[in-house]
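Take a look at the structure below.
The values are calculated or read from the model by the stated rules, or taken from the named source; none is laboratory data. Quick caveat, the model's predicted, so the values are computed rather than measured. Here the Cβ positions follow ideal geometry from the backbone for every residue, glycine too, while neighbour counts run over all protein chains shown. Keep in mind that these areas ignore ligands, DNA and RNA; they rest on the heavy atoms of the full protein, side chains included. Shrake-Rupley method; radii C 1.70, N 1.55, O 1.52, S 1.80 Å.
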Amino acid sequence: MEIIRATKTSEQAGAYYVRIQAMARKHKIPLSVEFDEHDTPDTKYIVIIDDFLPVATCRMYAIDDDRLMLGRIVVLPEYRHQGLGTLVVKEAEKWAMELGFKTAVLESRDNKTRFYEGMGYVADYSKEIVGETFKCYRMEKTLQE
């Protein structure tokens with residue numbers, strides 16, 4: 001497995017591929033919902049490649065000078081439960097710290113919050129986020145070296 005900080009269009013296409021295969025296709029999410037205003041040429045993505053196939057991804061964009069949003073954290077179904085979700089989030093956090101961010105923020109599906117809590121994220125269960133596709137909770141983690 002290779003972890004890539006996707007900076008080229010071809011690498012970003014790998015992130016899109018994983019999202020289309022694992023989310024849009026599986027959950028019947030329209031592309032206009034899966035890909036939003038935060039998917040731009042300047043958006044940062046982590047992609048994990050197995051041989052030549054993109055198998056996991058995470059999207060990153062600044063909320064403000066101190067906080068970075070991690071999102072669209074996806075692993076292809078046949079690659080789940082192999083630690084790739086943890087790898088992609090840890091690489092995103094590392095890159096975020098290198099860029100000077102102090103806090104990582106994400107919006108976790110309600111059935112995935114335990115996964116992120118295990119990585120040190122704290123959920124605000126008082127504010128449920130109900131989107132077009134899933135019920136989510138905002139979670140934050142202070143980034144440390």
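At 1.4 Å probe size, with no ligands or nucleic acids counted, give the accessible surface of HIS38 in Å², nearest ten.
Rounded to the nearest 10, the figure is 60 Å².
May I ask you to rank MET97, MET1, MET60 by accessible area, largest first, using a 1.4 Å probe over the protein chains only?
Of MET97, MET1, MET60, the descending order of accessible area is MET1, MET97, MET60.
In nm, to one decimal, how far is the modelled label at THR103 from the one at LYS135, with both set 7 Å along Cα→Cβ?
Simple spin-label model gives 2.5 nm for this pair.
Tell me the accessible surface of GLU78 in square angstrom (1.4 angstrom probe, heavy atoms of protein chains only), to the nearest ten.
Per-residue accessible area (GLU78): approximately 120 Å².
Given Cα pairs under 8 Å that are at least 6 residues apart, what percent is the relative contact order of the chain?
19 percent
How many nm separate the modelled label positions at LYS127 and ARG114, each set 7 Å beyond the Cα in the direction of the Cβ?
Using points 7 Å along Cα→Cβ, the separation is 2.6 nm.
Where does each of LYS44, LYS112, LYS90 land when they are ordered by accessible area, with a 1.4 Å probe and the largest first?
Descending order: LYS90, LYS112, LYS44.
Using the 2.2 N^0.38 Å rule of thumb for compact globular proteins, work out how the chain stacks up: its C-alpha Rg over that value, please.
Normalised Cα radius of gyration, the chain: 0.98.
When the solvent-accessible surface of protein heavy atoms is calculated with a 1.4 angstrom probe, in what order do ILE20, ILE4 fall, highest first?
Correct descending sequence by accessible area is ILE20, ILE4.
In square angstrom, rounded to the nearest 10, how much accessible surface does ARG67 have for a 1.4 Å probe?
For ARG67, solvent-accessible area is about 70 Å².
Over the chain, average the accessible area per residue using a 1.4 Å probe and give it in Å², no decimals.
It amounts to 57 Å² per residue over the chain.
Pairs to check: LYS8/LYS102; LYS28/LYS94; LYS8/LYS127. Give those whose C-alpha atoms are more than 29 Å from each other in this structure.
Distance filter (> 29 Å) returns LYS28/LYS94; LYS8/LYS127.
So if I restrict to the alpha-carbon atoms in segment 88-129, what is the Rg, and what is Dmax, the biggest pairwise distance, in Å?
Here Rg and the maximum Cα pair distance are 11.3, 32 Å.
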